[in-house]
1. Between Asp40 and Ala55, with labels modelled 7 Å along Cα→Cβ, what's the label distance in nm to one decimal, could you check?
2. Which value in deg cm²/dmol, rounded to the nearest 500, describes the helix-derived mean residue ellipticity at 222 nm for the chain, given -39,500 (n - 2.57) per DSSP H run of n ≥ 4 and division by the residue count?
3. Once you've got the Cα coordinates, tell me which of Lys14/Lys79; Lys14/Lys83; Lys39/Lys75; Lys30/Lys66; Lys23/Lys66; Lys39/Lys66 are over 28 Å apart.
4. Go ahead and set up a Gaussian network model of the chain, Cα springs under 10 Å, then flag whichever of Val25, Val49, Val67 fluctuates most.
5. What list of ³J(HN,Hα) couplings, whole Hz, do you get for the stretch 50-60 from phi and the Karplus terms 6.51, -1.76, 1.60, once you set θ to phi - 60° and write x for glycine and proline?
6. Tell me, what ³J(HN,Hα) does each residue in the stretch 71-84 have, in order and in whole Hz, if you take phi through Karplus 6.51 cos²θ - 1.76 cosθ + 1.60 with θ = phi - 60° and put x for Gly and Pro?
7. Angle, helix 4-33 long axis vs. longest principal axis of the chain, Cα atoms, 0 to 90°, nearest 10?
Amino acid sequence: MNTILHNLLATGIKIGGGIVGTKLVSGGWKLATGHSAPKDATDETLPIVEALAFAFVSAGIGALLKVAGQRGAGKAIGKIEAKTGRNIDNEV
């Protein structure tokens, strides 16, 4: 199911999830390390191990949010189609 509506819903879910994910990663990083999340990977005072760890954590959260967004949009479209009894494929 790769409809325009699906893509729009998935994009909206990913944007919202990205905002929440950024807050979660930043808060979790501060809790785990005791200092703020790195803002600039080119900062020479930032240890490379810390920069890489933050990059891996952020990328993992981003990948999870992408999958959740796509699945959430698919479920939403399925519910709409079940409720209306119509296939809304490419109607937007």
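1. Between Asp40 and Ala55, the label points sit 1.7 nm apart.
2. The helix contribution divided over the chain gives -26500 deg cm²/dmol.
3. Where the Cα-Cα span goes over 28 Å, the pairs concerned are Lys39/Lys75.
4. Val49
5. 5, 4, 5, 4, 5, 4, 5, 4, 4, 5, x
6. 5, x, 5, x, 5, 5, 5, x, 5, 4, 5, 5, 6, 8
7. Tilt of helix 4-33: around 20 degrees.
Every read-out reported here was derived from the displayed coordinates using simple, explicitly stated rules and does not represent laboratory data. The structure displayed is predicted, hence computed values, not measured ones. All Cβ positions, even for glycine, are placed from backbone atoms using ideal geometry, and neighbour counts span all protein chains on display.
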